[in-house]
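Remarks on the structure that follows.
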């Protein structure tokens, strides 16, 4: 009987078997193939490098260098989780292949940058710039420029100025939302058409310093440094304008010196509430997610910087500004009580949960280490050496709005 005379199913099976009988090197080559779902990076701010890490093995795989000033760097991921886009403080935008450990593209696109975002379809990368103030948009495959949107506004003296852009996030519909620190504005940039269109919301409050978008992509909230409260934009109904929420928290109380601006990008939505860092106070604020009214103020050890929810929403983890930045506190979202105080090292800068929340990675810049904790027992599972580590970013962020 010839091969062609075999039944089709048996013939296909035989071909698959023969294809597997390759040279001795083939199994090793196949073993080198891997997915990207358990990869992540740790920013090494002092050396302009990234540590490529495996979150399953809790191990360092590689160090990627030559990324410029990473003193306030953030990282976003491509849709397939293979490429990391690194936004440097010096205006550098780099595209890194996580499987090869190579910088595949890099542009110096501004003089001072503060982060960026990737569009819903993954085709565009937007960068928020302090100097010159504005947003620049690039092709995610090549980093070729696509659009430049200056953050111009009219100052009190009538002159035209450019504002620092903060709080840039992606929104559904290939849109980006951001705030203008100097102008007190929120702007909605739509990149879904043939040319960019921009919608402006003015007089939203004094000095918006950071912002976030909720996991559904509906609500954009800007924190206000110049006054108490936050500014809320409902992206389902932008025609309703910006709403002021939590306008009275801390009103009449003396504010402490602010040693580090809190990061609203690390806020938490948990157990039906929004958990936010209070500016200049040793408190975590709890607001009702339905109407944004303040329902509780939880005393903590220092001025919160990141207030982050474990993925199952049972816990909120909090780190702090100087001089209390050597501890992390854990709040139970049901009892609203601090249930643990940990000491990961000197100058804790960032935390990142594994996708299902069983572990959390914490960077301690001045101790040159990253610690991995079991979030149920608070046991230290691993300790990784790192040069001045700051931000930690895992590839599951590629599939989440605003991250």
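The values are calculated or read from the model by the stated rules, or taken from the named source; none is laboratory data. Here the structure is a predicted model, which is why all the values come from computation and not from measurement. Using ideal geometry, Cβ is built from the backbone for each residue, glycine included, and neighbour counts are taken over all protein chains shown.
Some observations on this one:
- With respect to (1) assigned to a strand (DSSP E or B); (2) over 24 Å from residue 65 (Cα atoms), the lone exception for residue 122 is condition (1).
- Residues of the range 80-115 satisfying the condition of being under 18 Å from the mean Cα position of the chain (by Cα) and surrounded by fewer than 15 Cβ atoms within 10 Å (Cβ to Cβ): 80
- Residue match in the range 91-100 (condition: without any contact (Cβ under 8 Å) to a residue 12 or more places away in the chain and either part of a loop (DSSP other than H, G, I, E, B) or closer than 17 Å to residue 403 by Cβ (or both)): yes
- Residue within the range 346-363 that is more than 30 Å from residue 58 (Cα to Cα), assigned to a strand (DSSP E or B) and outside the structural domain of residue 212 (by TED's automatic domain parsing) present: no
- Residues of the range 369-399 that turn out to be exposed (fewer than 15 other Cβ atoms within 10 Å of the Cβ) and touching a helix residue (DSSP H, G or I) at 6+ places or on another chain (Cβ under 6 Å), as a count: 0
- Complete set of residues in the range 332-351 that are in contact with a helix residue (DSSP H, G or I) (Cβ under 9 Å, 6 or more places away or on another chain) and touching a residue at least 40 places away in the same chain (Cβ under 8 Å): 349, 350, 351
- Qualifying residues in the range 279-318 (those that are touching a residue at least 60 places away in the same chain (Cβ under 8 Å) and part of a loop (DSSP other than H, G, I, E, B)) - the one farthest from residue 377 (Cα to Cα): 292
- Looking across the range 319-333, the residues that are in a loop (DSSP other than H, G, I, E, B) and either crowded, with 17+ Cβ neighbours inside 10 Å or at pLDDT 95 or above (or both) come down to 321, 324, 325, 326, 327, 333.
- Residue match in the range 163-173 (condition: in contact with a strand residue (DSSP E or B) (Cβ under 9 Å, 6 or more places away or on another chain) and surrounded by fewer than 18 Cβ atoms within 10 Å (Cβ to Cβ)): yes
Here's the yes/no breakdown for (1) surrounded by 22 or more Cβ atoms within 10 Å (Cβ to Cβ); (2) in the same structural domain as residue 202 (by TED's automatic domain parsing); (3) more than 21 Å from residue 179 (Cβ to Cβ); (4) at pLDDT 90 or above:
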site	(1), (2), (3), (4)
223	yes, yes, no, no
233	yes, yes, no, yes
238	no, yes, no, yes
257	no, no, yes, no
271	no, no, yes, no
282	no, no, yes, yes
290	no, no, yes, no
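- Within the range 148-160, tally of residues that are under 23 Å from the mean Cα position of the chain (by Cα) and assigned to a strand (DSSP E or B): 2
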